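Below is one structure, written out as structure tokens; the observations come after it.
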Amino acid sequence: MRADTVSVMIYPSTASGTGHHATTQLCLRMLQTLPIKNHEVIDVGRGSGIFAITAAKLGASSVVAVENYPDVASVARKNITDNGVNEIVTLHEEDIRALSVQPASFVTANLTTATLANEAKTISRSAQPGGTLVLSGIPSGDKTEAVKNFQSLAELKDRLYAADWTALVMKRREREY
């Protein structure tokens with residue numbers, strides 16, 4: 001194992017995010033390339049907490065995990081505890097639209113294209129101006145539409161592809177257009 005490799009144990013149960021799906025792998029690959037050490041991270045979406053845990057283990061100063069499904073939140077809570085990152089990761093069991101926390105330097109959102117489109121402003125505003133958004137869950141055929149939904153809010157910086165899925169890295173604009 002490389003010195004900068006982190007180990008994350010996930011028990012998905014009723015949650016998604018085992019690390020096996022292409023969209024999860026894309027987000028994990030992106031997270032490992034970003035300078036998140038000593039920065040704040042917000043992880044948005046239905047899942048096992050895998051991105052929040054990974055960010056914490058990569059050195060994030062604080063991580064807010066947002067999950068609005070109670071059964072899934074309990075799975076994420078267990079995974080956060082089992083990985084020993086309780087001091088860094090705070091789980092908010094609520095809808096992203098009701099979240100009341102400071103915007104972070106980095107935001108991950110591995111959601112459906114429809115949810116990304118519907119919540120583009122909310123997700124974008126979860127990042128500080130100039131902050132980084134890691135967006136996944138996008139079928140490759142929907143990539144153009146996904147970029148279009150965020151283009152007045154963020155600038156496309158990078159994209160990765162795997163197994164007909166796309167992940168985008170975007171920088172939140174200083175002001176919306």
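Couple of notes before you dig in:
- Looking across segment 67-86 at every residue that is among the aliphatic types (A, V, I, L, M) and either within 14 Å of Ala56 (Cβ to Cβ) or within 16 Å of the chain's Cα centre (by Cα) (or both), the one that is modelled with the lowest pLDDT is identified as Val72.
- Once segment 116-157 is narrowed to residues that are over 19 Å from Ile42 (Cβ atoms) and of a type in the set (Ser, Thr, Tyr), the residue that is surrounded by the fewest Cβ atoms within 10 Å (Cβ to Cβ) is Thr144.
- Some residue of segment 158-172 being open to solvent by 50 Å² or more (accessible area, probe 1.4 Å) and farther than 22 Å from Gln25 by Cα: no
- Among the numbered conditions (1) surrounded by fewer than 22 Cβ atoms within 10 Å (Cβ to Cβ); (2) over 21 Å from Val134 (Cα atoms); (3) of a type in the set (S, T, N, Q); (4) in contact with a helix residue (DSSP H, G or I) (Cβ under 9 Å, 6 or more places away or on another chain), the only one that Ser74 does not meet is (4).
- Counted residues, segment 35-80 - those being assigned to a strand (DSSP E or B) and either farther than 19 Å from Ile123 by Cα or among the hydroxyl-bearing types (Ser, Thr, Tyr) (or both): 1
- Filtered residues of segment 87-135 (kept if acidic (Asp, Glu) and either modelled with pLDDT of 95 or more or under 14 Å from the mean Cα position of the chain (by Cα) (or both)): Glu87, Glu119
- Taking segment 81-177 as the region of interest, the strands (runs of 3 or more DSSP E) fully inside it that hold 1 or more residues being touching a residue at least 24 places away in the same chain (Cβ under 8 Å) and over 21 Å from Glu67 (Cα atoms) are 127-139, 154-162, 165-172.
- Subset of segment 42-61 that is modelled with pLDDT of 95 or more and within 13 Å of His92 (Cα to Cα) - its residue that is surrounded by the fewest Cβ atoms within 10 Å (Cβ to Cβ): Ile42
The values are calculated or read from the model by the stated rules, or taken from the named source; none is laboratory data. Note that the structure is a prediction, hence the values are computed from the model and not measured. Neighbour counts are summed over all protein chains in view; Cβ atoms, including those assigned to glycine, are modelled from backbone coordinates with ideal geometry. Quick note on the areas: whole protein, heavy atoms, side chains included, nothing else; ligands and nucleic acids left out. Shrake-Rupley method; radii C 1.70, N 1.55, O 1.52, S 1.80 Å.
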